[in-house]
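**Student:** Here you go, one structure.
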Amino acid sequence: MALERSKYLKVRKAQAEGARTVEELKNISDIVIENDTELEEVETLLQNACKCKNVSINTIVEAVKNGADTFEKVKEVTKAGSGCGRCKSIISNIIENKR
Ligand code: FES
């Protein structure tokens with residue numbers, strides 16, 4: 001079962017504000033995780049930065065550490081952000097925080 005849309009959006013918004021763990025997510029948002037299945041879905045989503053191109057947070061962090069210091073450079077190196085573009089704020093946050 002996929003995470004319900006309102007929760008999905010809360011996770012994505014929190015990621016754009018720097019949340020990378022469930023604990024950080026809970027500190028930033030009012031999300032209520034109902035059960036283990038939902039927790040698993042949230043954890044999986046937290047590891048993903050770009051859904052369209054299926055690019056992980058770790059891949060973006062690595063790209064940033066290797067010198068991709070703008071959204072355009074990250075996009076070029078990882079392909080993240082080259083679909084719908086909705087992950088741009090998450091990628092920008094990763095560039096800013098290097099995590
Ligand atoms: S989610 Fe990254 S381009 Fe659509």
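The values are calculated or read from the model by the stated rules, or taken from the named source; none is laboratory data. This one's a predicted model, so the numbers in the text were calculated from it and none came from an experiment. Reconstructed Cβ throughout: ideal geometry from the backbone, glycine too, with neighbour counts over all protein chains shown.
**Student:** In the stretch 49-95, what count of residues is obtained for those that are acidic (D, E) and either in contact (Cβ under 8 Å) with a residue 12 or more places away in the chain or touching a Phe, Trp or Tyr at 6+ places or on another chain (Cβ under 8 Å) (or both)? Full working, then the answer.
**Tutor:** Of all residues in the stretch 49-95, those acidic (D, E) come to 62, 69, 72, 76.
Among the residues that remain, those that are also either in contact (Cβ under 8 Å) with a residue 12 or more places away in the chain or touching a Phe, Trp or Tyr at 6+ places or on another chain (Cβ under 8 Å) (or both) are: 69.
Residues that pass the stated criteria total 1.
**Student:** I would also like to ask the following. If I ask for residues that are near the ligand (Cβ under 10 Å from one of its atoms) and not hydrophobic (A, V, I, L, M, F, W, C), which ones from the stretch 46-77 would you list? Working first, answer last.
**Tutor:** If we filter the stretch 46-77 for residues that are near the ligand (Cβ under 10 Å from one of its atoms), which is where we start, we get 48-55, 75.
If the condition is that a residue be near the ligand (Cβ under 10 Å from one of its atoms) and not hydrophobic (A, V, I, L, M, F, W, C), then N48, K51, K53, N54, K75 are the ones that fit.
**Student:** What are the residue pairs meeting all of these: first residue in the stretch 8-25, first residue in a helix (DSSP H, G or I), second residue of a type in the set (K, R), Cβ atoms under 9 Å, and 6 or more apart or on different chains?
**Tutor:** Note: pairs meeting the criteria are R12/K51; R12/R86; A14/K26; A16/K88; L25/K10.
**Student:** Right, another one. Please find, within the stretch 78-94, the residue that is farthest from L25 (Cα to Cα) out of those that are more than 6 Å from the ligand (Cβ to nearest atom) and among the hydrophobic types (A, V, I, L, M, F, W, C).
**Tutor:** I91
**Student:** Does N97 count as modelled with pLDDT of 95 or more, away from the ligand (no atom under 14 Å from the Cβ) and not aliphatic (A, V, I, L, M)?
**Tutor:** yes
**Student:** Considering only residues that are in a loop (DSSP other than H, G, I, E, B) and over 13 Å from A16 (Cβ atoms), which ones fall in the stretch 71-84?
**Tutor:** Matches in the stretch 71-84: K79, A80, S82, G83, C84.
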